[in-house]
Amino acid sequence: MTQNSKIIGKMNMRNTKHSGNKCSNRHKGSTIRRQLVFGFTSFAVIILFIVWVLQVLLLDKFYEYTKLTELKSVLNAIEYSIDDEDIDDICSDLASRYDVCLMLYSVKDGKLSKRIVDKEVSPTCVIHFANDAELNKYYNEALKSGDAWTERFSLIPEKTTNNDHHRNDDHSNKPPVSDVTHRVQRFFDIAISVKSFQDPGGNEYAAFINLRFTPVNAIQQTRNIQFVYISIGVILVAVFFALVFSIIIAKPLEKMTLAAEQMANGDYSVEFKCEGYRETKRLASTLNYAVDQISKTDNLQKELIANISHDLRTPLTLITGYSEMMRDIPGENTPENSQMIIDETKRLTTLVNDMLDYSKYSSGFEEPNLTVFNLTDSVKTTMNRYNELVRLKGYCIDFEYDGEAFVYADERMILQVIYNLLNNAVNYTGNDKRIAIKQSIFENGKVKISIYDTGIGIPRDKLVDIWDRYYKVDTLHKRAVTGSGLGLSIVSKLLQLHGASYGVESAEGKGSCFWFELPIQK
Ligand code: ADP
């Protein structure tokens, strides 16, 4: 037993090393912590980049687009409300809401005639400092461009000049702007927009709007500094959360790894803690199930090696001992000693055959070869194998049946089932050496074979276990009745292969009844 344990121990060690080599490349992979820090930081950097593009690179463009759209909507609103008696109030409202200067002229004979509305909200208004000729020029530009014309100017501050104005070079071909620059202290941008339209009565009008762009550059510096601080803050927060999450995720995994290493070294008492996320909990419970199964297999393996080594070694030792004795000691070459050798050899043969049968059936290596055959005859054939025993040892085997039953099954397998059950009945029956077999045919189309003995019976709590491999109710019982411990597990496997129902009823000290049922083939 100790030797066996050592063998298993060595095997485990080898397996651990082997799997270690197998995964050694994977161990070099990235850790969860590194992955999360990288992921979170990359995400933060991408978001910051998008914000930077929108806030720093494209802000001017957005602002300009929004403002020019506002210009258009103010002009449209004036055109829409031109025949409204409250046009003056409407224009006041528009001027203050959109922070624009506006003028509305009636037009006669293609020239600006009368100023109907005049709203000035900005000190840097181009249209309010333009003379009539200039305004007419803007109006003509609007007529030339369809009905509306918009132009944007960059004015350069000048404190000294009178009637002098400066525009950007690229605007040099645009209409002149009046002297407004003395009122301006720094760079600023202006857009003027002119629209020509008619009221429902066909009267013509021209609306002038002056819009001042707030210089975005003024807050650019502040925004850039702010952006740097925000970036540092966001990246630090991302790294912090990545570390926190990595700890939360990785901790249960690290614990499980330790437990798995313990398990790999043969300690099956380990428990994988079900903690953390649902996935890690599921992994832990699967591993707990696996460790449970492995420990069962391990126990079975140990038990198997112990049983086989004991059951094989005992007859072999006896055979060797008796043979040597008969060879070396004159007068020991008796028929009894020869019989002993023959019995032990038979026992050995039975054990090896049972082991082979069991592995064949349980591995699915052998499938049932189904034919129709006479089950009643099969019982009689099996009974005939015991004729000698009945005659020499005084056993009494009764078979009670009414009519013959045919079944569709594997005849060889069913013969083995009957033989194993009858063999147990013979081995375990009481001192009266009585065994009864009963065949019952039911109306539901089934035939039941029951094998009764009058022996020691089986304790109620052991009735389930006896179908397990190598299970023996009483391991200390006489060698004369010792079987391989595989007989009933072979019976159960064979009947399962046929989908048949089977069972046992037993009363301690009174006897047992093993039975199985098969469908009758008409
Ligand atoms: P074995 O070769 O030991 O008989 P089996 O698988 O045939 O192995 O039976 C398993 C155990 O079930 C036996 O060791 C015995 O303890 C119990 N058993 C089987 N048949 C009977 C029976 N007819 N009466 C009492 N106990 C039985």
I'd like to know if the range 434-453 contains one or more residues that are within 11 Å of the ligand (Cβ to nearest atom), outside any helix (DSSP H, G or I) and surrounded by fewer than 14 Cβ atoms within 10 Å (Cβ to Cβ).
no
Here the residues within the range 43-76 that are free of Cβ contacts under 8 Å to residues at least 60 places away in the same chain, of a type outside the set (A, V, I, L, M) and surrounded by fewer than 14 Cβ atoms within 10 Å (Cβ to Cβ) are Phe49, Lys61, Phe62, Tyr65, Thr66, Thr69, Ser73
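Given the range 324-409, what helices (runs of 4 or more DSSP H) lie entirely inside it while holding 1 or more residues that are over 60 Å from the mean Cα position of the chain (by Cα) and under 28 Å from Ala436 (Cβ atoms)?
On the way: elements: 335-362, 375-384, 387-393.
Output list reads 375-384, 387-393.
Condition check ((1) more than 49 Å from the chain's Cα centre (by Cα); (2) within 30 Å of Asn136 (Cα to Cα)) across all residues:
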| residue | (1), (2) |
| --- | --- |
| Ala44 | no, no |
| Thr66 | no, yes |
| Tyr80 | yes, yes |
| Asp99 | yes, yes |
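Quick check on the range 502-522: of everything there that is open to solvent by 50 Å² or more (accessible area, probe 1.4 Å) and modelled with pLDDT of 95 or more, which residue is nearest to Lys446 (Cα to Cα)?
Let us first name the residues in the range 502-522 that are open to solvent by 50 Å² or more (accessible area, probe 1.4 Å), namely 502, 505, 508-510, 519, 521-522.
Going one step further and asking which of them are modelled with pLDDT of 95 or more, we end up with 502, 505, 519.
Details: Tyr502: 12, Glu505: 19, Pro519: 4 Å.
My answer is Pro519.
So which residues in the range 258-312 are basic (Lys, Arg) and surrounded by 13 or more Cβ atoms within 10 Å (Cβ to Cβ)?
Of everything in the range 258-312, those that are basic (Lys, Arg) and surrounded by 13 or more Cβ atoms within 10 Å (Cβ to Cβ) turn out to be Lys273, Lys281, Lys302.
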Filter result (in a loop (DSSP other than H, G, I, E, B) and at pLDDT 90 or above) within the range 471-501
Gly499, Ala500
Taking interchain pairs and intrachain pairs at least six residues apart, which have beta carbon atoms under 6 angstrom, with the first residue in the range 442-471 and more than 15 Å from Leu518 (Cα to Cα) and the second at pLDDT below 90 and acidic (Asp, Glu)?
Tyr471/Asp465
Go through (1) open to solvent by less than 50 Å² (accessible area, probe 1.4 Å); (2) modelled with pLDDT of 90 or more and name the single condition Glu79 misses.
(1)
Which of (1) surrounded by 15 or more Cβ atoms within 10 Å (Cβ to Cβ); (2) small (Gly, Ala, Ser); (3) not in a helix (DSSP H, G or I) does Ala238 not meet, given it meets every other one?
(3)
Qualifying positions in the range 454-467 - open to solvent by 70 Å² or more (accessible area, probe 1.4 Å) and more than 8 Å from the ligand (Cβ to nearest atom):
Arg460, Asp461, Val464
Which residues, counting only those in the range 354-391, are without any contact (Cβ under 8 Å) to a residue 24 or more places away in the chain, open to solvent by 80 Å² or more (accessible area, probe 1.4 Å) and closer than 26 Å to Val407 by Cα?
Ser363, Phe365, Asn384, Asn387
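The values are calculated or read from the model by the stated rules, or taken from the named source; none is laboratory data. Note that this is a predicted model, so its numbers are computed, not measured. Heads up, the Cβs are rebuilt from the backbone with ideal geometry, glycines too, and the neighbour counts pull from every protein chain shown. The protein model used for the area step is the full one, side chains on, heavy atoms only, and it has no ligands, DNA or RNA in it. Shrake-Rupley method; radii C 1.70, N 1.55, O 1.52, S 1.80 Å.
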